[in-house]
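Below is one structure, written out as structure tokens, with a few remarks after it.
The values are calculated or read from the model by the stated rules, or taken from the named source; none is laboratory data. Being a predicted model, the structure only gives us computed values, none of them experimental. Methodologically, a virtual Cβ is constructed for each residue, glycine included, from the backbone with ideal geometry; neighbour enumeration extends over all protein chains shown.
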């Protein structure tokens, strides 16, 4: 049944990337974003939302509001131009654009201004929000130089040079909340949520641009709560990375075989809040190594031990 979301959810999403750039900073030579104080790789929530939007548009056949649209003169449409395509009707935009139902946004619906303030826009708080993604370990940035195929200028005998920055490896964690109260404002439905989960996983797997090739989704967990206005918070931090004994430094990690995820904190936290949880849904890449103390276990085995109702995502 396709109804408005009624239960709050908490999301944990882990994916890894090999020899690529998960989220370049245009203000810093497009280098991977790094928290210099601790060497952690950062990925903005905007990057994840872009992945979701692109997958929805290309593979799910649904309209999104925030996307690049070229006008007849070749210029790129502004937000107010997009709004005009929907007759400046907020209800129509919400009804037809799934990304607005998910993430909200500021929608200009006229050019009218009063005393310098835009009176012709509405702001919707999105029911789905993600924190900044962070790697579960310190990372190493590599600077790579190469030679292009073409001349650097007319008549030149020298080929062009290219350079780029990559991470040899990073496993990155996102944390998100689906707020049932804000869902009422944007009419976010249970069907929309299924599209979201599919797009997080398969959007990441199908993001095969040159800079993103090598991204693989590893773990997706949705905890659905039955207690009103409640969520645990920071569940992503309940998974700890433990190095393989042969790996000396976190920056030396190059694959899943170099570490495992310790999930004891996840088990303890979820167990303590079991009475407040309606169901847990998950998808796990079989190559991911998850341990409870010294025993490797799948997410399904963990949830069975916790005696919590669960489902595996079917996409």
For this session: Kindly indicate the residue of the stretch 205-227 that is in contact with a helix residue (DSSP H, G or I) (Cβ under 6 Å, 6 or more places away or on another chain) and in contact (Cβ under 8 Å) with a residue 60 or more places away in the chain and also nearest to residue 299 (Cα to Cα) among those meeting that condition.
Result: 220
Seminar exercise, completed: For the stretch 65-84 the number of residues that are surrounded by 13 or more Cβ atoms within 10 Å (Cβ to Cβ) and outside any loop (DSSP other than H, G, I, E, B) is 6
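Matching residues to (1) within 30 Å of residue 184 (Cβ to Cβ); (2) at pLDDT 95 or above; (3) in contact with a helix residue (DSSP H, G or I) (Cβ under 9 Å, 6 or more places away or on another chain):
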site	(1), (2), (3)
81	yes, no, no
102	yes, yes, yes
107	yes, no, yes
137	no, yes, yes
141	no, yes, no
Exercise. Which members of the stretch 168-189 meet the condition of being farther than 18 Å from residue 96 by Cβ and either touching a helix residue (DSSP H, G or I) at 6+ places or on another chain (Cβ under 7 Å) or surrounded by fewer than 22 Cβ atoms within 10 Å (Cβ to Cβ) (or both)?
Worked result: 168, 173, 174, 175, 176, 177, 178, 179, 180, 181, 182, 184
Seminar exercise, completed: The strands (runs of 3 or more DSSP E) lying wholly within the stretch 181-285 that contain at least 3 residues that are within 18 Å of the chain's Cα centre (by Cα) are 215-225, 277-284
Exercise. Could you say whether any residue in the stretch 242-257 is surrounded by fewer than 17 Cβ atoms within 10 Å (Cβ to Cβ), touching a strand residue (DSSP E or B) at 6+ places or on another chain (Cβ under 6 Å) and under 20 Å from residue 12 (Cβ atoms)?
Worked result: yes
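Name the single residue that is farthest from the chain's Cα centre (by Cα) among those in the stretch 1-29 being surrounded by fewer than 14 Cβ atoms within 10 Å (Cβ to Cβ) and in contact (Cβ under 8 Å) with a residue 60 or more places away in the chain. Show your work before the answer.
The initial filter retains those residues of the stretch 1-29 that are surrounded by fewer than 14 Cβ atoms within 10 Å (Cβ to Cβ), namely 1-3, 6, 19, 26-29.
When the remaining residues are screened for being in contact (Cβ under 8 Å) with a residue 60 or more places away in the chain, the result is 1-3, 6, 19, 29.
Values: 1: 26, 2: 24, 3: 24, 6: 22, 19: 19, 29: 23 Å.
Among those that are surrounded by fewer than 14 Cβ atoms within 10 Å (Cβ to Cβ) and in contact (Cβ under 8 Å) with a residue 60 or more places away in the chain, it is 1.
Pick from the stretch 30-43 the residues that are in a loop (DSSP other than H, G, I, E, B) and in contact (Cβ under 8 Å) with a residue 60 or more places away in the chain: which of them is nearest to residue 187 (Cα to Cα)?
30
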